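Below is one structure, written out as structure tokens; comments come after it.
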Amino acid sequence: MTSSAGDFYDSLAPDYHRIFPDWEASIARQAAVLDGLIRSELGPRPHRLLDCACGIGTQSIGLARAGHRVVGSDLSPVAAARAAAEAAARGLELPVTAADMRWLPFRPGAFDAVVCADNSVAHLMTPEDTTLALCEMRRTLREGGLLLLTLRDYDALRRTRPASTPPQVSYGPDGRTVTFQLWHWHEDGEHYDQEYFQLLPRGEGWEVRLRRAASRALSREQLVEAVSAAGFDCLDWHTPEATGFHQPVLTARAAG
């Protein structure tokens, strides 16, 4: 993960909710899936959770509302601060900190579960950085604790190498926002650069906001190998068809 990823999310944080047709509905829907997986694995009581890529709070807010004791961290201090503010506006407590997931500022065994959602690990550009982050997630989990990690279905995407994503349209008080990405694949077929466009209504026309980031398209095999090597077992994939979540979810337990 590079400093450019932090700059990207600092810039995107004020507009991140515009990605979703209905951000509040997405908060509720994603929390329902993740909360169900957590309670089915760890039991029905509330749990101590770390969302180590909390962004503006899309997962953290819903999980806190479900009764869990959630702490959020994110590479972007701007995004993390917005997550705390959005939670407070909903009457929820969400302690947050700015932190790189490769060096998490939490004591060993502090959490029952760690959530790393929305393709965040794709910004770790090398196998070494991926290993560092996963080992940190393992370190902060108690023995038997649960990892929940979501990632794009890169097995399919690496075969087709799409040049763009479909446009997403959201509606707000100022009108429609259109969000889409252009992807520029590297020759290795594993890395790609993103141009992230948002078209916001301005008068009779549009304001174009462009941000850039880079990602690594991890295959399922690569991710499973890295998660296992970091000290996890009982790995299980949960497909969007089975869960209703927008990305495949990998769950794993912190091995003893």
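A compact table of results
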read-out	value
Overall Cα dimensions of segment 156-216, principal axis frame, Å, largest first	43, 19, 15
Order of 249, 114, 224, 208 under a 10 Å beta carbon neighbour criterion, fewest first	208, 224, 249, 114
Sparsely packed GluC sites (Glu not before Pro) within segment 176-244, loop by DSSP, other Cβ within 10 Å at most 10	187, 204
Over segment 16-78: Rg over Rh, Cα atoms, Kirkwood Rh	0.98
In order through segment 239-249: 3J(HN,Hα) via Karplus (6.51 cos²θ - 1.76 cosθ + 1.60), integer Hz, x for Gly, Pro	7, x, 5, 7, 9, x, 6, 6, 9, x, 10
Computed P(r) (all Cα pairs; the chain; 10 Å bins; percent)	7, 31, 39, 19, 3, 0, 0
Loop sites in segment 78-125: chymotrypsin sites (Phe, Trp or Tyr not before Pro), DSSP, at most 10 other Cβ within 10 Å	103
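Coordinate-derived values only; no laboratory data. All values reported here derive from a predicted model rather than from experimental measurement. Because the Cβ atoms are built from the backbone with ideal geometry, glycine has one as well, and the counts that use them run over all protein chains shown.
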